[in-house]
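First comes the structure, then the notes that go with it.
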There are 2 protein chains.
Amino acid sequence: MGRASKREEIAQAAFQQFHAQGFNATGINDITKAAGVPKGSFYNHFSSKEESALEALNRYAATMRFEVLTATDRPPLDRLRAHFEFLSRDTVENGFVRGCLVGNLGAEVADHSEEIRAAVKDGFDRWAALIGQVLAEAQEAGDLDGGLDVRATALFVVSAWEGTLIAARADKSAAPVDAFFRTVFDVVLR
Amino acid sequence: MGRASKREEIAQAAFQQFHAQGFNATGINDITKAAGVPKGSFYNHFSSKEESALEALNRYAATMRFEVLTATDRPPLDRLRAHFEFLSRDTVENGFVRGCLVGNLGAEVADHSEEIRAAVKDGFDRWAALIGQVLAEAQEAGDLDGGLDVRATALFVVSAWEGTLIAARADKSAAPVDAFFRTVFDVVLR
């Protein structure tokens, strides 16, 4: 394995381990073992477990298909629904495990790592900004109450989704996800 | 220290450590050190770290002052608001750390401990049932749209609160909490 591909293997293994096990339950050994590389090679590519978690957050964001939100092929609120339907599939179809890596690292590590906290905040901010843009488009199109505070609503929807995934994992059912769709789309954004 | 008071010290220290540090970052040593008892005494009172986390969840629930919800001194939606104002104080006035122990253990441990998952689910269920009762009272009093699905809305509000605390800890600001109050009370429950 070349140096670049070794880094890739380690980064991908770290992402999967953090998502499945959490930050503190994942040791460097778990990552290198899952990557199939010698223990010592981790520090040739990452200065710390924290640094590999920041890379994992980037990799997770790349799986979220934000282009569903920014495309202009469908009315704004249809795109928002499609976005959350896509996100819900990962949890609902995989037996209600793992949830969102951003929220998980936020809940577990934000108080203890300034770098991870800042990256989680950045993840939420970018995501809420995209959703806010979709809501503003919906207002312009006359599909959404013009009096709704788009920024606060977008921030709220992101928070609500994060909590919904925790509740779905605890409940091992789609009931919290159904309650999210019902309340967000039929009540908040009606 | 007598046997009963030793158990109390250990249980209380475990609760505080899990809330501040998380489950996997807390070792038995951290708990006994914080409790000021010998290392070995933990297992005289708890069979496992998991068992002490279940006890911590009970202790956390006892701090949530659910009686604010069930009292009949004020209109139902005022009690619901007072309940979340009380809960928000812990995060807002303490520098946006710790969040909710139920949600934290849900995010970190629900996939890996069946006992903790069941206890987190139970915590969410009881809480959502209490909130659902308040919403039903508000409907009966004519203060809330009778067409609102009370069960789904209560479940959603609990989820939304959990995500709100994660976002507030990441943002180190009350913006997510403000967005919660604004959307839940001025939009969902208007």
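What are the label-to-label distances in nm, one decimal and shortest first, from residue B:175 to the same spot in the other copies, with labels 7 Å along Cα to Cβ?
3.4
Average partner chain C-beta neighbours within 10 Å, per residue of B:104-116? Before the final figure, lay out the partial values.
Values: counts 4, 3, 10, 15, 10, 5, 10, 13, 5, 0, 1, 0, 1.
Partner-chain Cβ atoms within 10 Å, mean over residues of B:104-116: 6.
Just to confirm the number: angle between the C-alpha axis of helix A:76-92 and the first principal axis of chain A, 0 to 90 degrees, nearest 10?
40 degrees
Going by Cα centres, the stretch A:1-19 and the stretch A:60-83 are how many Å apart?
Answer, in whole Å: 28.
Once you've got the GNM for chain A with C-alpha springs shorter than 10 Å, pick whichever of A:173, A:88, A:47 has the biggest mean-square fluctuation.
Of the options given, A:47 has the highest mean-square fluctuation.
Taking 8 Å as the Cα distance limit and 6 or more residues as the minimum spacing, I'd like the relative contact order of the stretch A:64-188 as a percentage. Working shown, then result.
Values: 104 pairs, mean separation 33.0, N = 125.
After rounding, I find 26 percent.
Running a GNM on chain A with Cα contacts under 10 Å, which residue among A:13, A:179, A:136 ends up with the highest mean-square fluctuation?
Highest fluctuation of the listed residues: A:179.
Just want the answer: with Cβ charges of +1 for Lys and Arg and -1 for Asp and Glu, which residue in B:138, B:86, B:120 is farthest toward the dipole's positive end in the stretch B:62-148?
B:86
In nm to one decimal, list the spacings between the residue A:129 label point and its equivalents in the other copies, with label points set 7 Å along Cα to Cβ, shortest first.
4.5
If you take each beta carbon of peptide B:145-156 and count the beta carbons of other chains within 10 angstrom, what is the mean? Kindly include the intermediate steps, with their values, before the conclusion.
Values: counts 1, 0, 1, 4, 5, 0, 2, 10, 4, 1, 10, 14.
Mean partner-chain Cβ count within 10 Å for B:145-156: 4.
Of A:33/A:172; B:6/B:33; A:49/B:49, which ones are farther than 22 Å apart at the Cα? Spell out each step's value before the answer.
Details: A:33/A:172 29 Å; B:6/B:33 12 Å; A:49/B:49 24 Å.
Correct reply: A:33/A:172; A:49/B:49.
For chain B, what does the helix formula give at 222 nm: sum of -39500 (n - 2.57) over DSSP H segments with n ≥ 4, over the residue count, nearest 500 deg cm²/dmol? If you can, show how the numbers build up before the last one.
On the way: 10 runs with 133 residues, N = 190.
Computed ellipticity for chain B at 222 nm equals -22500 deg cm²/dmol.
In terms of the Cα gyration tensor, with a ≥ b ≥ c the square roots of its eigenvalues, is the protein assembly as shown rounded because a/c is under 1.5, prolate because a/b exceeds b/c, or oblate? Numbers along the way, then the final one.
Details: a/c = 2.13, a/b = 1.12, b/c = 1.90.
Verdict is oblate for the protein assembly as shown.
For the stretch B:3-53, with only Lys/Arg (+1) and Asp/Glu (-1) charged at the beta-carbon, what is the dipole magnitude about the Cα centre, in debye rounded to 20? Display every interim value, and only then the final one.
On the way: 6 positive and 5 negative charges, 36 e Å.
So the dipole magnitude of the stretch B:3-53 works out to roughly 180 debye.
For the stretch B:64-188, what class follows from the C-alpha gyration tensor (a ≥ b ≥ c being the square roots of its eigenvalues): rounded when a/c is under 1.5, otherwise prolate if a/b is larger than b/c, else oblate? All intermediate terms of the calculation are to be shown ahead of the outcome.
Working: a/c = 1.89, a/b = 1.33, b/c = 1.43.
Oblate.
Which of the three applies to the stretch A:119-179, rounded, prolate or oblate, going by the alpha-carbon gyration tensor with a ≥ b ≥ c and a/c under 1.5 meaning rounded? Write down the numbers at each step before the final one.
Details: a/c = 3.28, a/b = 1.59, b/c = 2.06.
Oblate shape, in that a/c is at least 1.5 and b/c is the bigger or equal ratio.
Name the residue, out of A:63, A:153, A:32, whose mean-square fluctuation peaks in a Gaussian network model built on chain A with Cα pairs under 10 Å.
A:63
Give the average, rounded to an integer, of partner chain Cβ atoms located within 10 angstrom of each Cβ in A:168-180.
Across the residues of A:168-180, the mean count of other-chain Cβ atoms within 10 Å is 6.
A short reminder: the numbers here are calculations on the coordinates, not readings from a lab. Owing to the predicted nature of the structure, the values given are computational and were not obtained by experimental measurement. Every residue, glycine among them, receives a Cβ derived from its backbone with ideal geometry; neighbour counts consider all protein chains shown.
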